[in-house]
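Asker: Structure provided below as structure tokens; questions to follow.
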Amino acid sequence: MQAQGAVHHESKGKAAIFINLPGGPSHMDTFDLKPDAPSEYRGTFNPIKTNVSGMMISEHLPKLAQCADKY
């Protein structure tokens, strides 16, 4: 079901690249730190503030913290 006035564009893509990096940090160690959760549920990294009010990110991603308003 499409909304009235919606424009449908045919996809021209024929391929996709999927990169799986096993062993990388989990979302709980990077973007979903849950600083208010009990210690047994938190990761080992500390959260830092970003340039978006109320949004925090892992201490190991300071450059991403500086441009959080872009994503």
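The values are calculated or read from the model by the stated rules, or taken from the named source; none is laboratory data. A quick note: this is a predicted structure, and the numbers were derived from the prediction, not measured. Cβ placement follows ideal geometry from the backbone for every residue including glycine, while neighbour counts extend to all protein chains displayed.
Residues checked against (1) touching a strand residue (DSSP E or B) at 6+ places or on another chain (Cβ under 7 Å); (2) closer than 30 Å to residue 59 by Cα; (3) exposed (fewer than 10 other Cβ atoms within 10 Å of the Cβ); (4) of a type in the set (A, V, I, L, M, F, W, C):
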residue: 8; (1), (2), (3), (4): no, no, yes, no
residue: 14; (1), (2), (3), (4): no, no, yes, no
residue: 17; (1), (2), (3), (4): no, yes, yes, yes
residue: 23; (1), (2), (3), (4): no, yes, yes, no
residue: 26; (1), (2), (3), (4): no, yes, yes, no
residue: 32; (1), (2), (3), (4): no, yes, no, no
residue: 37; (1), (2), (3), (4): no, yes, no, yes
residue: 40; (1), (2), (3), (4): no, yes, yes, no
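Asker: For region 1-47, name all the residues that are among the hydrophobic types (A, V, I, L, M, F, W, C) and in contact with a Pro (Cβ under 7 Å, 6 or more places away or on another chain). Steps first, please.
Answerer: Applying the first criterion (among the hydrophobic types (A, V, I, L, M, F, W, C)) to region 1-47 yields 1, 3, 6-7, 15-19, 21, 28, 31, 33, 37, 45.
Listed by number, the list holds a single entry, 33.
Asker: Could you please tell me which pairs satisfy a Cβ distance under 7 Å, a separation of 6+ or placement on different chains, a first residue in region 43-64 that is free of Cβ contacts under 8 Å to residues at least 24 places away in the same chain and within 14 Å of residue 32 (Cα to Cα), and a second residue that is among the small types (Gly, Ala, Ser) and in a strand (DSSP E or B)?
Answerer: 45/58; 47/58
Asker: When you scan region 18-36, how many residues do you find that are touching a Ser or Thr at 6+ places or on another chain (Cβ under 7 Å) and assigned to a helix (DSSP H, G or I)?
Answerer: First pass over region 18-36, keeping only residues touching a Ser or Thr at 6+ places or on another chain (Cβ under 7 Å): 29-30, 33.
Now restrict to residues that are assigned to a helix (DSSP H, G or I): 29.
Total satisfying the criteria: 1.
Asker: I'd like the full set of residues that are charged (D, E, K, R), assigned to a loop (DSSP other than H, G, I, E, B) and either within 12 Å of the chain's Cα centre (by Cα) or at pLDDT 90 or above (or both), limited to region 37-71.
Answerer: Pass one, region 37-71, residues charged (D, E, K, R): 40, 42, 49, 59, 63, 69-70.
Keeping just the survivors that are assigned to a loop (DSSP other than H, G, I, E, B) gives 40, 42, 59.
Result: 59, single match.
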